[in-house]
Amino acid sequence: MLVFAAVASAQQPTQEQAPPEEDESLAPKEYSFNPLQAAKELKVGNYYFKKGNYRAAAHRFQEATKWDGTLAEAFLRLGEASEKQNDRKAAAEAYAKYLEIAPDAKDASDVKKRLIKNRK
């Protein structure tokens, strides 16, 4: 009986152990400026985009923007992937951010037209 009681008490979480809902793998991801990780996410996103998996591409482009909020190309590609998914609101937000970051880009006039189109 003493062995059973010791095993049973060892299985119950103590106050020192974190409950399962506080598992670190479930915690929100923390981002800090990391241009290398952003470039990697952008590259993987481009791969998915070329394969026609626009949802996965959009996710990767979104990740790239979180690692580097100044990476204009990631916002442009996020807008394109969002358009492919018929998510006009997300596309417009991404294009607006792209134009905010790179107002003098060569394709700025084209992106402005896309922004207007998606805001309707």
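The values are calculated or read from the model by the stated rules, or taken from the named source; none is laboratory data. What you see is a predicted model, and the numbers here were worked out from it, not measured in a lab. Here the Cβ is made from the backbone with ideal geometry for all residues, glycine too, and neighbour counts use every protein chain on show.
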*asked:* Among the residues that make up the stretch 74-96, is at least one of them in contact with a Leu (Cβ under 9 Å, 6 or more places away or on another chain), acidic (Asp, Glu) and surrounded by fewer than 20 Cβ atoms within 10 Å (Cβ to Cβ)?
replied: yes
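Conditions tested, residue by residue: (1) modelled with pLDDT under 95; (2) more than 14 Å from the chain's Cα centre (by Cα); (3) assigned to a helix (DSSP H, G or I).
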| residue | (1), (2), (3) |
| --- | --- |
| Ala18 | yes, yes, no |
| Ala39 | no, no, yes |
| Gly45 | no, no, yes |
| Lys50 | no, yes, yes |
| His59 | no, no, yes |
*Identify all residues within the stretch 109-120 that are in a helix (DSSP H, G or I) and either without any contact (Cβ under 8 Å) to a residue 24 or more places away in the chain or not polar (S, T, N, Q) (or both); write none if there are none.*
Ser109, Asp110, Val111, Lys112, Lys113, Arg114, Leu115, Ile116, Lys117, Arg119
_Matching residues in the stretch 87-108 - criterion: being part of a helix (DSSP H, G or I) and over 12 Å from Ala72 (Cα atoms)_ = Arg88, Lys89, Ala90, Ala91, Ala92, Glu93
